[in-house]
Every structure is written in C-alpha cells, then in structure tokens.
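The values are calculated or read from the model by the stated rules, or taken from the named source; none is laboratory data. Nothing here was measured: the structure is a model prediction, and the numbers come from that model. Counting neighbours? That spans all protein chains shown, and the Cβs are built from the backbone with ideal geometry, glycine included. With ligands, DNA and RNA removed, areas are computed over all heavy atoms of the protein, side chains included. Shrake-Rupley method; radii C 1.70, N 1.55, O 1.52, S 1.80 Å.
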Amino acid sequence: METTIMEEVVIVGAGIAGLATALALKRVGIRALVLEKAECLRTTGAALNLFPNAWIALDALGVSHKLTPLYAPLTTGSITNVATGAVQQISFTGVFSGNGEGPRPVHRKKLLEVLAEELPPDTIRFSSHLASIETEQLPSEKGAAAASLAVVHLKDGTTIKSKVLIGCDGLHSMVAQWLGLSAPIHSGRSAARGLAVYPQGHELGSNVQQFVDIGKRAGIVRLNDTEVFWFITCEGDYRTYDPNTIQDEVLNHHASNFPSAFLDVVRHSDLSSLSWAPLMMRNPWNIIVGNVSSGNVTVVGDAFHPMTPDLGQGGCCALEDAVVLGRHIGNSLIANGGGKKSLPAEEMATVLEGYAKERRWRAAGLVTGSYVSGWVQQSGKNWWRKMLRVVFYSYLLLMLARYVKFDCGKLPGGDDERVGDDRKPDGSSKLD
C-alpha cells in the first residue's frame, strides 16, 4: 500500500556521514529520518585513522569520550623501501596534532555504533531502497521567498517528503547524481584492506609501519593488543570480492617480496574483513563549481567528495561536513525563534548554499592533496620521482599536516527535548 510521510529532514545512507549528520541535527533540536538500504548497520571497511580534525568534530557531536579510552594515539612510524631495505622514521606527535597526540585508529563498526546509539531508536529506517527523487514547490505569499519540499520515492511504494534532503549515500550517490555532480573517476590505483587478529596478542607497538615498492605501498597499523589493520595499494584496476582470493593475491603476487612483518599480518587476517576495490575520487574542479546543493537538497561525505585514502581524511572530512551542516541548519532554526518545532522551509535553499560555500574549497583541497600524496608515495623507477618522494616526506608532508589540524567549529545550542514532539509512535506524521 502506498504511504506518504512528512519529515523535517531526510538523510539517505546510514554510514559515518549519515549517522554523524543525524546526530549533529539532533544536537541542535532537529529530528531527521535516515534511510538505509541495508537490513542493518553497514560494517564495510575494517578500520580508519581519525586525525585531530575528526576528534574536534566528534567533540562537537558529544561522543569523542566514548572512543578515546578504547584506542591509543599513534606516536611513531617507519617507511621501508622494499627494494633497498632503507628505513625512514617519522613522528606523529606535534606534526599531526596541536595537543601532542597523533591520530587514533578506530574500528569503523565501533564508530558507527557509537554514533547510532546517540540517536532515537526510530531514526534509521532500514531496507529502504530509493527509486527516484523530485522536488515539489510550496505555495508562497506574494514577495516571500519560494519554498519547496524534497520528495523521495522508495521501491516499496512509500513516498517521503521533507524540507531538507541530505545525500550521505556514498561513492555512487543517487542524490549526487540528481544534483548533477560528475561521476567519480578512477585514480589509477586499487586497494586491498583487512583486519588481522592475534588471539594471544601481537608485539606491534603504538606505531605505523609502511612499505614502499615500485607501484605499490602497504602498511600495518595497531588497533589494540590483539588486532592490526593492514592495507596495500597497487597501480591498476584490481577488484575481487572473494576473501580467499584477496589474501592469496596479496601474499603470493602483489606483496610476495615484502618484509615478513607485513606478510605475517596478512596471514592472520579475519577473512570476513577483507576487501579489494579501485580507489575512486571526484574531480576537484567539479567539487568547486558543481552543484553541491540545489534548493533544499545537498550531499555530505563520500557522496560529496570521494577521495583516495592517502591522507586518511575521507571519514574525517565527513565528520566535519556533518558538524558544519548541522551548524548552518541549527543557526537558521535559532534565528527564527528557536522555540519553533519546524524548520523555515523558505530559508533552506540559502542555508544549504552557505554550507556548500563553506565546504567546497576545503573538500577540493583534500581530494587533490590525497591524490598527490598517493602518487608521490607510490612513485616509480624514475630518479626524479624517487627524489620527489624524499622531498615529500621531509617537507611537503609537514605542509599537508595543516589539513588535519582543521577546526570545524562547534554546534549551536539545541534542545533535544523538541525531537519527536507531535509525532506518531514511529516518529513520523502522515499527510492526508
């Protein structure tokens, strides 16, 4: 049976970007409905490094204290040239943070759980598959700003209308496509990732080990006393979904000449955590001049700025987006009296334009910096590329480190008690 539902805000996708955005809105007193096509929270991706800019965002969201006791900051690292055996030491303290601490690796699943448990139980609507998106103009008084509703149609026949639609639906975002943003492009490299488990414990300290070869770069990162995250990036368009094939290809082909420390970690992999896919990115110019927002529709996270993982900023930037968007929408609510239970629909287009303007240049810079970082670190045989890599680790890395000290700001004061008022038991209100 076809059903029409009205919501203040609809978010498409219950990944890091979607849940963080829903939480940011909750903190400023706005209830959002999150549509997720999966049957439960997605756990794709074993782990990610969260740099200082991400922790600032998590502070603003009010959840950083739930994660910091579980994950120790990284302090040092090493980069091994596989061909020569030469080792270069690096330090994370002071370079990548302003408080003397380095980045902290976290389980992606744990981050999602921490964000989700802060939301009302009816926030996420699972098994929700988008069929189409459109907008509906609202009648307005003469001289008043035009207002519209975003309308999403689900494959089960449900229609959901909202004053704001936010696409957090990842790399192949349907919302980004509707906005007219260009499709992500292949960076020329692919990556395999996994989580190694040592039930009796491992001897890897609080450091990162990287291994660089011609056209390849790999790394191992300690998560806790029994788990280690690993990755390897290679030139080309490799992809496979079979975990046994992934492990075999890494051990016997792509990393067969790598040090035993890396190979041992791969051998200890939890096969269910393995993935291998091409590294995609959006053309930075399209981020700068493209339609990041249109009317009352916008995008956050990978739907906005997919990037290669070489600066570790994909998830971090998504958390920044969430806070900035929450601040823009929250400020609009406050400016219109604060005590109102609904958003001023006629202002949402201007509000989202403000968010897009604030975020597009930083996002484009991170996409560019990540690509350049990967290209330099995974350089080939040319002498000048080898020299460029030395310069990168000595000087350019310090310049890029400024990106990870970015402060996205705080959220305006909100009233969580407003969330859920005047709603049916399922948190929504049906239209006649």
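Below are the figures for this structure:
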quantity: Hz values of 3J(HN,Hα) by residue in region 182-193 - Karplus curve (6.51, -1.76, 1.60), Gly and Pro given as x; calculated: 5, 5, x, 10, 7, 6, x, 9, 10, 9, 10, 9
quantity: Exposure of Lys216 as accessible area (Å², to 10), given a probe of 1.4 Å and all protein chains; calculated: 40 Å²
quantity: Solvent exposure, largest accessible area first (probe 1.4 Å, DNA, RNA and ligands not counted), of Tyr198, Tyr403; calculated: Tyr403, Tyr198
quantity: Phi to ³J(HN,Hα) by Karplus 6.51 cos²θ - 1.76 cosθ + 1.60 over region 66-76, Hz, x for Gly, Pro; calculated: 7, 10, 4, x, 8, 10, 7, x, 6, 10, 9
quantity: Qualifying GluC sites (Glu not before Pro) for region 168-248 [loop in DSSP, other Cβ within 10 Å: at most 10]; calculated: Glu203
quantity: Directionally averaged projected area (convex hull, Cα atoms, region 191-266), nm²; calculated: 4.9 nm²
quantity: Solvent-accessible area of Ser272 with every protein chain in place, 1.4 Å probe, in Å² to the nearest 10; calculated: 100 Å²
quantity: Contact order normalised by residue count of region 107-202, Cα under 8 Å, 6+ apart, percent; calculated: 16 percent
quantity: Label-to-label distance, nm, for residues given as Glu353 and Ile334 (7 Å Cα→Cβ offset); calculated: 2.3 nm
quantity: Point-charge dipole on Cβ atoms (K/R +1, D/E -1) for region 143-209, about Cα centre, debye to 20; calculated: 200 debye
quantity: Normalised contact order of region 1-123, rounded percent, pairs of Cα under 8 Å and 6 or more residues apart; calculated: 29 percent
quantity: Amide H contacts under 5 Å for Ile124, placed H, 5+ residues apart; calculated: Val34
quantity: Approximate shape of region 154-243 as ellipsoid semi-axes (Cα gyration tensor, √5λ), whole Å, largest first; calculated: 37, 20, 13
quantity: Heavy atoms of His153 accessible to a 1.4 Å probe, total area in Å² rounded to 10; calculated: 50 Å²
quantity: Accessible solvent surface per residue of region 100-220, calculated while the other protein chains remain in place, 1.4 angstrom probe, Å²; calculated: 43 Å²
quantity: When each of Lys216/Lys357; Lys37/Lys405; Lys109/Lys357; Lys26/Lys109; Lys161/Lys405; Lys66/Lys155 is checked by Cα-Cα distance, pairs over 27 Å; calculated: Lys216/Lys357; Lys37/Lys405; Lys109/Lys357; Lys161/Lys405; Lys66/Lys155
quantity: Percentage relative contact order, region 173-317, counting C-alpha pairs under 8 Å, at least six apart; calculated: 33 percent
quantity: Share of carbon and sulfur in the accessible heavy-atom surface of region 116-250 [1.4 Å probe, %]; calculated: 49 percent
quantity: DSSP-assigned coil residues among chymotrypsin sites (Phe, Trp or Tyr not before Pro) in region 223-322, each with at most 14 further Cβ atoms within 10 Å; calculated: Tyr241
quantity: In region 345-376, chymotrypsin sites (Phe, Trp or Tyr not before Pro) in a DSSP loop with at most 10 other beta-carbon atoms within 10 Å; calculated: none
quantity: Directionally averaged projected area (convex hull, Cα atoms, region 80-231), nm²; calculated: 16.2 nm²
